[in-house]
Amino acid sequence: MLSLALSADGPLVDQIVSGIKRQIDDRLLRPGTQLPSIRNFAGSHDVSRFTVVEAYDRLVAMGYLRSRRGAGFYTAARTETSQPAPSTDHKRNEELVWLIRRLLEAGEDAILAGGPWLPNSWLDEAGIRQSLNVLARKNGAYLLEYGNPFGYLPLREHLALLLAELGITAHAGQILLTQGTSQALELVIRYLLKPGDAALVDDPGYYNMFGNLRLNGVQMLAVPRNPDGPDIATLEELATAHRPKVYFTQSVMQNPTGSDMSPHVSFKVLQAAERHGFFVVEDDIFCDLQVKATSRLATLDQLNRVIYARSFSKTLSGSLRVGFIACAQPIANELADIKMLTSITTSQFTERLVYLMLVDGHYRKYLARLHERLDAARINVLHAFEEIGLEIFTEPNSGMFIWARFPHVEDALPLAEAAARDGIMLAPGAVFRPHLERSPWMRFNVAVCEEPRVQRWLRQAGTEARK
């Protein structure tokens, strides 16, 4: 018997599905147990037979029940989806640390062909200096005191307006300022996950986050990334088998593939989150690089199950380290508490500086120029890669990344090592995979790959690969 409440918030179908799921997961219903017939269940629980039919059908689709023609419904044997065993071995992070350190410590002569940021010459250093001068002339204790735990209020109010441009409704109290997206994701990981928990992640995806999850003892469930978004069939299978707490993803200009999630796939992701009860963390760090704004998961969900993270590191400055989280108010309160316990507050000085830069009108003009420059570079690099013989995963509409491979190369890591000896830093696909498996793919930064030296090296590498 299940306890069903006609006055509860959830529909009766959802209550039946969650109740039977819970009994199966808790082993109260063993594999092969016959469930009551549709007629008997409806009679004993005083619900419509149509309600029971829909609930049983959902449970069959989710893999919890099996229907036997003429015999009724039985609990299915629960099979675990094959995943690499989680490991706390620090050796798994050594390749990530190697790549990050190599990028940060690269000499002036090194070319970061696979780098994750724009060249300094593309950024608005003059605009930063101008805003610094304006801020330095203002009197106030912001130079000396700790800030508000949630962050500088005028900036949060302005961010609410920027979110509204994406169709995301949020007020300042739902926005928590952070030290970039890295801290935003770390706070969410601390809030949602504990060692041994499972989390869905994109494969390929963001290597820093994979390292963070690994350090926290989280089991990563790899969801293959297609040109139109995650593979929904695999996502459903993993969610059914492992009951993850959260799915970390990027819906727009995904790192490293540059792909956008289609509206159809976005709806499927949110439907799966609702069915299986997991949160979705949407990392939108490249938002301001998009020429024409499109719907995000947070737009469709309105911060019900989606926790939205973003920063300005890629367009303003990596040194300012100002980002934010937008989410439901109760979650924002909990995250603010974790932020206070781990870092007290964020820098009010840098938050005021970013606020000045965003509101003076100069930033939008700078972005318009940046979009034009990136568009031209992307067209040129795609044309050059086609001539070189590189296979393109998908042609991005915006952003700085292209995901590409040589057709005759099955592991890009030796290529990256060879390029490094020639002063060219590539980003091999293995470091973007949750469990660091071999990959033929590489991430390329279009802002750097117009460089003739990079294209000459790739052309020579392609010629040797075809031999």
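If I ask for residues that are under 38 Å from the mean Cα position of the chain (by Cα) and either within 11 Å of residue 76 (Cα to Cα) or not charged (D, E, K, R) (or both), which ones from the stretch 33-61 would you list?
51, 52, 53, 55, 56, 59, 60, 61
Scan the stretch 16-45 and report the pairs whose first residue is without any contact (Cβ under 8 Å) to a residue 40 or more places away in the chain and whose second residue is assigned to a helix (DSSP H, G or I) and surrounded by 15 or more Cβ atoms within 10 Å (Cβ to Cβ), with Cβ atoms within less than 6 Å and a gap of 6+ or a chain change.
What qualifies is 16/55; 38/52; 41/52; 42/52.
So which pairs qualify, if the first residue must be in the stretch 159-181 and in contact (Cβ under 8 Å) with a residue 40 or more places away in the chain, the second must be among the β-branched types (Val, Ile, Thr) and in a helix (DSSP H, G or I), the Cβ gap must be under 6 Å, and the two must be at least 6 apart or on different chains?
These pairs meet every condition: 166/299; 167/299; 168/299.
So how many residues does the stretch 364-400 have that are in a helix (DSSP H, G or I), under 24 Å from residue 453 (Cβ atoms) and either aliphatic (A, V, I, L, M) or open to solvent by less than 30 Å² (accessible area, probe 1.4 Å) (or both)?
Selection size over the stretch 364-400: 11.
Which condition from (1) touching a strand residue (DSSP E or B) at 6+ places or on another chain (Cβ under 9 Å); (2) in a loop (DSSP other than H, G, I, E, B) is the one that residue 331 breaks?
Every condition holds for residue 331 apart from (2).
Among the residues of the stretch 230-249, how many are open to solvent by 40 Å² or more (accessible area, probe 1.4 Å) and either in contact with a Ser or Thr (Cβ under 9 Å, 6 or more places away or on another chain) or part of a strand (DSSP E or B) (or both)?
Summing the residues that are open to solvent by 40 Å² or more (accessible area, probe 1.4 Å) and either in contact with a Ser or Thr (Cβ under 9 Å, 6 or more places away or on another chain) or part of a strand (DSSP E or B) (or both) in the stretch 230-249 gives 1.
For (1) part of a loop (DSSP other than H, G, I, E, B); (2) at pLDDT below 95, each residue gets a yes or a no:
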{"site": "251", "(1), (2)": "yes, no"}
{"site": "256", "(1), (2)": "yes, no"}
{"site": "260", "(1), (2)": "yes, no"}
{"site": "265", "(1), (2)": "no, no"}
{"site": "270", "(1), (2)": "no, no"}
{"site": "282", "(1), (2)": "no, no"}
{"site": "294", "(1), (2)": "yes, yes"}
{"site": "298", "(1), (2)": "no, no"}
{"site": "308", "(1), (2)": "no, no"}
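Quick one: in the stretch 241-293, of everything that is touching a strand residue (DSSP E or B) at 6+ places or on another chain (Cβ under 7 Å) and acidic (Asp, Glu), which residue is nearest to residue 317 (Cα to Cα)?
The extreme case among them is 284.
Could you please find all residues in the stretch 440-467 being crowded, with 21+ Cβ neighbours inside 10 Å and not in a helix (DSSP H, G or I)?
441, 442, 443, 444, 445, 446, 447, 448, 449
State whether one or more residues within the stretch 126-142 are at pLDDT 95 or above and surrounded by 17 or more Cβ atoms within 10 Å (Cβ to Cβ).
no
For the stretch 338-354, indicate whether the set of residues that are at pLDDT 95 or above, assigned to a loop (DSSP other than H, G, I, E, B) and either open to solvent by 10 Å² or more (accessible area, probe 1.4 Å) or out of contact with any strand residue (DSSP E or B) (no Cβ under 6 Å at 6 or more places or on another chain) (or both) is non-empty.
no
Can you tell me which residue in the stretch 189-229 is surrounded by the fewest Cβ atoms within 10 Å (Cβ to Cβ), limited to those that are in contact with a helix residue (DSSP H, G or I) (Cβ under 7 Å, 6 or more places away or on another chain) and closer than 16 Å to residue 306 by Cα?
191
Checking residue 333 against (1) under 24 Å from the mean Cα position of the chain (by Cα); (2) buried (at least 18 other Cβ atoms within 10 Å of the Cβ), which test does it fail?
Just one mismatch for residue 333, condition (2).
The values are calculated or read from the model by the stated rules, or taken from the named source; none is laboratory data. Keep in mind that what you see is a predicted model, and the values were worked out from it rather than measured. All Cβ positions, glycine included, derive from the backbone under ideal geometry; neighbour counts span all protein chains shown. Ligands, DNA and RNA are stripped out before the accessible areas are found, and what is left, the full protein with its side chains, is counted by its heavy atoms. Shrake-Rupley method; radii C 1.70, N 1.55, O 1.52, S 1.80 Å.
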